[in-house]
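Below is one structure, written out as structure tokens; the observations come after it.
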Amino acid sequence: MWVCCHFPGKRRYDRKQSGYGGQTKLIFRKKAKTTKKIVLKMECTECKYRKQLAIKRCKHFELGGDKKKKGQMIQF
């Protein structure tokens with residue numbers, strides 16, 4: 001009986017990889033998503049109740065930044 005911590009798929013993969021012949025299975029490189037979903041993790045200070053609030057996907061997220069005003073000139 002085979003006694004090991006690996007799963008059957010891992011054993012099969014290791015057996016196939018051993019020896020000559022290089023990489024036998026595909027290595028996934030075509031990642032579709034370039035952004036992650038922003039999740040706010042909020043916690044009550046009194047009762048320690050936790051709640052997660054999902055926001056849309058975005059590349060840059062700033063919490064509590066300066067407010068944009070209408071007609072304001074851009075300053076650097």
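FYI, it's all coordinate maths here, none of it is from the lab. Please read all numbers here as calculations on a predicted model, not as lab measurements. Methodologically, a virtual Cβ is constructed for each residue, glycine included, from the backbone with ideal geometry; neighbour enumeration extends over all protein chains shown.
Ordering 18, 7, 61 by Cα displacement along the dipole of the range 1-67 toward the positive end leaves 18 in first place; charges were set at the Cβ atoms of Lys, Arg (+1) and Asp, Glu (-1). Cross-link partners for residue 33 among the lysines, with Cα-Cα distance under 26 Å and sequence neighbours closer than 8 places in the same chain left out: 25, 41, 51, 56, 59. Which option, [x] 3, 9, 9, 10, 9, 9, 9, 11, 10, 7, 5, 5, 3, 1, 0, 0; [y] 3, 12, 15, 13, 10, 9, 7, 7, 10, 8, 4, 2; [z] 3, 11, 22, 21, 16, 12, 8, 5, 2, 1, is the value of P(r) over Cα pairs in 5 Å bins from 0, in percent that was calculated from these coordinates? Comparing each candidate, only [x] matches the computed number.
Counting charges near residue 52 (Lys, Arg +1; Asp, Glu -1) among other residues having Cβ under 13 Å from its Cβ returns a value of +3. In this rough spin-label picture, where each label sits 7 Å from Cα along the Cβ direction, the residue 15-residue 53 distance is 5.3 nm. With respect to the chain, whose longest principal axis is taken over its alpha-carbon atoms, helix 8-17 is tilted by about 70°.
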